Every structure is written in C-alpha cells, then in structure tokens.
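The values are calculated or read from the model by the stated rules, or taken from the named source; none is laboratory data. Note that the structure is a prediction, hence the values are computed from the model and not measured. Every residue, glycine among them, receives a Cβ derived from its backbone with ideal geometry; neighbour counts consider all protein chains shown.
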Amino acid sequence: MFSHFFKVFRLGVLAGILIGIGGAVNLQLSSMGQPIFGAVFFSFGLMCVCILGANLFTGKVGYLLENDKNYAIDVGIMAIGNIVGAMLVGYLAGVIFPDWTVALPAKFLYGEGATWYGCILRGLGAGAFVYLAVECFKRIESYPAKLIMVCLSISTMVLLGCNHSIANVFYFAYAQIRVAGFDWVNAIVSVIVAMIGNSLGSLILYLLQKALPKCEEKAN
C-alpha cells in the first residue's frame, strides 16, 4: 500500500515539475511581449505529462465518477505531489530569473480584483480544457494529432486566462520570491478555489461527453 501511494505521489511531483516548467516558459515569453508563444509553449508541460504518464490532478479528477474511492484517495495524493513539484520549480525560478513579470501571477489571486465566483468560473474553464486535452490524447490514434490537440486545448486555456490550480502554485511560488510582502494566505485560498473550479469543470465536461452517442452508434 505504501509503495503504491509513494508511486502516486512521486508521479504527482513529476507532473507538478512539468507544469511548473511550462509556466516558467510562459512567464519568460510573456515578459518578452510574446504571450501567444507563451501560451503555446505552456502546453509543453501537459504534453510531457501525457507522454510520460505522470499524475496531474487536473488531468485525473474528471474521471472520479467512473472509479472507486481508492481512486479519489490517489487523486488527493497526486494533488499534494503536484503542489510540491510546482512550488519547487517556482522557488527555483524566483532565484534564477529575477526579471520576469509578476503581473501574470497577480491576476490569479483571489481578492486582487477577482471575485470568488470569477475564480471559480475561470477554474471551470481550465478544468474543461485539460479534460478535453487528456481525453483527446487518449482517443486519437495519430501521435502528431494527439500533440496538436493538447497544444490547441491548453493554448486556448492560457489565452483565455483560465485558472489552472497547479500552474497557479508555480506562479505564486515565483511571486513569493520576487515580491516583498506577498500574501500567501490569499494565494492558498486562490489555489483551493481554483481546485474546486478545475474539478467541477472536468466533471461537467465528463458528464456532457458521456451523454453523447458514440461514433460507432451514430454510424449504425
């Protein structure tokens, strides 16, 4: 049992690191005035998660309804691992790269001009787009098409300003290093609100997708 939980946690840390790297590239390119390229390269993180089979909370939570309670426990453990991995990358980036903009992390803070329901709604969007990316990666046979769909889904998520909880952990960790008096209580609340939104968005899209007739059924 312990070995199973440790593996889930370890793959969760890996996923958090990969999402943190995607966030780092996004900050770098956004600071260079290239937000579109930042959104495209942010998708590198989820591509690697899908290819390596890492455990990303936002990529797994949408499948809660088709699994037992043990899966729910695994999702909670991988979320903790994601947070650890994303924070590690955020702190490291804060030390190495002092010139990135902190405007991007700040816009995801609950209370910094953002209402709780606004954070939830942006979280819904992120959850839906990540579920869409993961489901397309599973279903599509062509590998180039898999990666294109992941890139399009995640780039759209970023450009719309959706609230991805694990990416926010990276952004907030970076901001804590770079901004004096950074409000970590606010950041923790923001991450929790985003996680709720991500979960709801993923589950809603899961239910909508399950309501659609399968391709083979339509063909008949």
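Residue-by-condition table, conditions (1) among the hydrophobic types (A, V, I, L, M, F, W, C); (2) at pLDDT 90 or above:
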site: V158; (1), (2): yes, yes
site: G161; (1), (2): no, no
site: S165; (1), (2): no, yes
site: N168; (1), (2): no, yes
site: W184; (1), (2): yes, no
site: I192; (1), (2): yes, yes
site: G197; (1), (2): no, yes
site: Q209; (1), (2): no, no
site: A219; (1), (2): yes, no
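Please state which one of G33, G38, G20 is without any contact (Cβ under 8 Å) to a residue 12 or more places away in the chain, under 26 Å from I148 (Cα atoms) and small (G, A, S). Reasoning before the result, please.
Values: G38 fails: without any contact (Cβ under 8 Å) to a residue 12 or more places away in the chain; G20 fails: without any contact (Cβ under 8 Å) to a residue 12 or more places away in the chain.
Sole residue among the options that is without any contact (Cβ under 8 Å) to a residue 12 or more places away in the chain, under 26 Å from I148 (Cα atoms) and small (G, A, S): G33.
In the set (1) part of a helix (DSSP H, G or I); (2) loosely packed, with under 14 Cβ neighbours inside 10 Å, the condition left unmet by M78 is number (2).
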